[in-house]
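All of the numbers you see were taken from the coordinates with simple rules; none came from a lab. Computed from a predicted structure; not experimentally measured. Neighbour counts run over all protein chains shown; Cβ positions are idealised from the backbone, glycine included.
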Amino acid sequence: MTRVPTRLAAPAPAPGPPRERDVDDVVVVGSGIAGLTAALRLSARGLGVTLVTKTVAASGSTRWAQGGIAAALAETDSPDAHYADTVGAGGGLCDPAAVRVLVDDGPRRVRGLVRLGARFDLDPAGEIALTREGGHGADRIAHAGGDATGEEISRALVAALEGVVGDERVRLLEHTFAVDVLTDATGAATGVLVAGTDGTRRLRARAVVLASGGIGQVYRSTTNPPEATGDGVAAALRAGAVLADLEFVQFHPTVLWLGGGARGQQPLISEAVRGEGAVLLDEKGHRFMPDLDPRGDLAPRDVVARGIVDRMRATGADHVLLDARHLGADYLARRFPSIVRRLAEHGFDLAADPVPVAPAQHYHSGGVRTDLDGRTSVPGLYAVGETACTGVHGANRLASNSLLEGLVFAARLADDIAGRLAADELAPGPPVVRPGPVGLVPATARSRVQRAASNGPGVLRDANGLAAAARALGDVVIDAHDHAGVSARTDRPEWEAANLHAVAVALTAAAQVREESRGGHVRRDFPHEETAWRRHVAVRSGADGTVDVTVEAPLAGVGHAAAGR
């Protein structure tokens, strides 16, 4: 075990005691596909649910998903084939049992979305239209509105939620920030400390579900929305939960390049565009991906992103080009209306000219380690969606498996919670103050955290860059506080900065330990995949606020063990 001597900030509530609420059965944090599915299924099982979301219910990361949702829906396809493609993309670190659950349950869960009201695009025979993306050996990507799949799924789920909100079992708290997970004297989750327009309050619960999305805002450039500040991962870390596979960060190969000074959420050009025939060119007009991989432009995302970065370094360019001109203006406007509109806003015409693209942070394959039912190592605490590490993705997520993972494992999680509550297994005590140092990261340090993460555990990594990032993160001031209050302002910008800092520290520590290149983790000083590193890296917070990093035993044909059994 390696101990990283960087103190983690623990977000403190605003001065004054927070108000209590009655004990719920479950508090769900997040309103993407995972959080909404969990809340709906828990409600259907007759449980009392409070859903907490940072802004509004329809603002989850799900709505930004362009490409689609993967499932073996065609008669010519099979779960076994989907399994093989998923494991093939995962760099030897997928959990076979988790992948099996994903591909076997996937088709019926997608059809369940249709019954719920989701309107997928149809083929001439009236069946769900399917396309292909990188790493898939068959057409199995269902899409809606051409390239607005996530938006349509989110619409259907939010509409279903609105149909049950207002009865005595379901509450929706919008514009409410989940500050931290509450724990009792035994370390079990006992609720969530939240802050809304009317102050802070303790939401007591018998089970807590973290479905708050990804970590994209840890980086200077990302496809993730502004809300993706790693809140669930950071809260779980502070609560004592084990995290896993943090070093595997997926950088989407084709993000619109808007210049070296571009920051924040960047326009994504879906992999489905390449699935329909678009190709990557270097600045001289040469198709370089077929030289690097037999799958060419439809190789898995880590392969394509690495290929682009290597080509940029070889040519001295700061981007490559995505050429879809041969697909035609009419087809592109019909198949990818959202992408065409977004590019036009920035002065680009996908049908007229090759478009400049470069990799940017897109998805986090790691997260809070869970078992097949969403249980974490903290009793009563569950995680699902991008916040979780189920073992499905391994070292690299297969395209369009993320929406499916949130859908499948949210349903399993809800059923597990319902069964355990019925058996009276979850009965946490009152919340207590956790031991260890506390403090806040000033909001002004956010750019320093992002710079350190981008320069250290970015697309290409090495020992010097990671060490420099660790030092920079260690130098970030954490303002201590006492029982009377805090020296930093206690508000959402500070809480988000603290969460970004905690995630960046843990991510950098995990990346330093893994001395090889695998999936989304690429080391220039260790450029090859090593058999000895077919193992997981686990991270947890020590009692003194430091980060403990553990390299687990080599895998022998199976993924990580159940987290909470």
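Extent along the principal axes, Cα only, for segment 252-360: 33, 32, 23 Å, with the longest axis given first.
Above 12 Å lies some portion of the pair distances; for segment 332-391, what is it as a whole percent of all C-alpha pairs? Summing the P(r) tail past 12 Å for segment 332-391 gives 73 percent. The slack in the chain from residue 185 to residue 455, taken as 0.36 nm per residue of separation less the alpha-carbon distance, amounts to 93.2 nm. Dividing the Cα radius of gyration of the chain by 2.2 N^0.38 Å, with N the residue count, gives 0.91. When both bridge partners sit in the chain, DSSP labels roughly 65% of those beta bridges antiparallel. Here each label is just a point 7 Å from Cα along the line to Cβ, and for residue 44 and residue 80 those points are 3.0 nm apart.
Using the Cβ-Cβ distance between residue 550 and residue 463 with R0 set to 25 Å, the FRET efficiency works out to roughly 0.80. From least to most packed, judged by other beta carbons within 10 angstrom and beginning with the fewest, 289, 1 follow the order 1, 289.
In the chain, the longest principal axis of the Cα atoms and the axis of helix 149-162 are about 30 degrees apart. Share of antiparallel DSSP beta bridges in segment 1-151, in percent to the nearest 5? Given both bridge residues lie in segment 1-151, the antiparallel proportion sits at roughly 55 percent.
In segment 77-221, the alpha-carbon atoms span a convex hull of 203 Å³ per residue. Gain on full extension, evaluated as 0.36 nm per residue between residue 284 and residue 197 minus their Cα-Cα distance, stands at 25.9 nm. Computed from the Cβ-Cβ distance with R0 of 41 Å, the FRET efficiency linking residue 314 to residue 345 stands at 0.85. For segment 381-473, a Kirkwood hydrodynamic radius built from all Cα pairs, placed in the Stokes-Einstein relation at 10 °C and 1.306 mPa s, yields a translational diffusion coefficient of 91 µm²/s.
Going from the fewest other Cβ atoms within 10 Å to the most, the residues 143, 319 appear in the order 319, 143.
Considering only alpha-carbon pairs that sit under 8 angstrom and 6 or more positions apart, the relative contact order computed for segment 433-551 is 30 percent. A crude spin-label estimate for the pair residue 447 and residue 475, with each label 7 Å from Cα along the Cβ direction, gives 1.6 nm. Size estimate for segment 433-551 follows the Kirkwood approach: the inverse of mean 1/r over distinct Cα pairs works out to 15.4 Å. Zone of residue 19 (label point 7 Å along Cα→Cβ, backbone N under 11 Å): which residues in segment 191-209? The answer is 196-202.
With kT/(6 pi eta Rh) evaluated at 4 °C and eta = 1.567 mPa s, and Rh the Kirkwood radius from Cα pairs, segment 223-310 diffuses with a coefficient of 84 µm²/s according to Stokes-Einstein. Here the peptides 33-43, 422-432 are ranked by packing, the mean other Cβ count within 10 Å, and the order with the highest first is 33-43, 422-432.
Distant-in-sequence amide contacts of residue 518, defined by a placed amide H-H separation under 5 Å and a gap of 5 or more residues or a different chain, comprise 523. Taking all C-alpha pairs of segment 179-244, those more than 16 Å from each other amount to 53 percent. Relative to the dominant Cα principal axis of the chain, helix 446-455 is inclined by about 50°.
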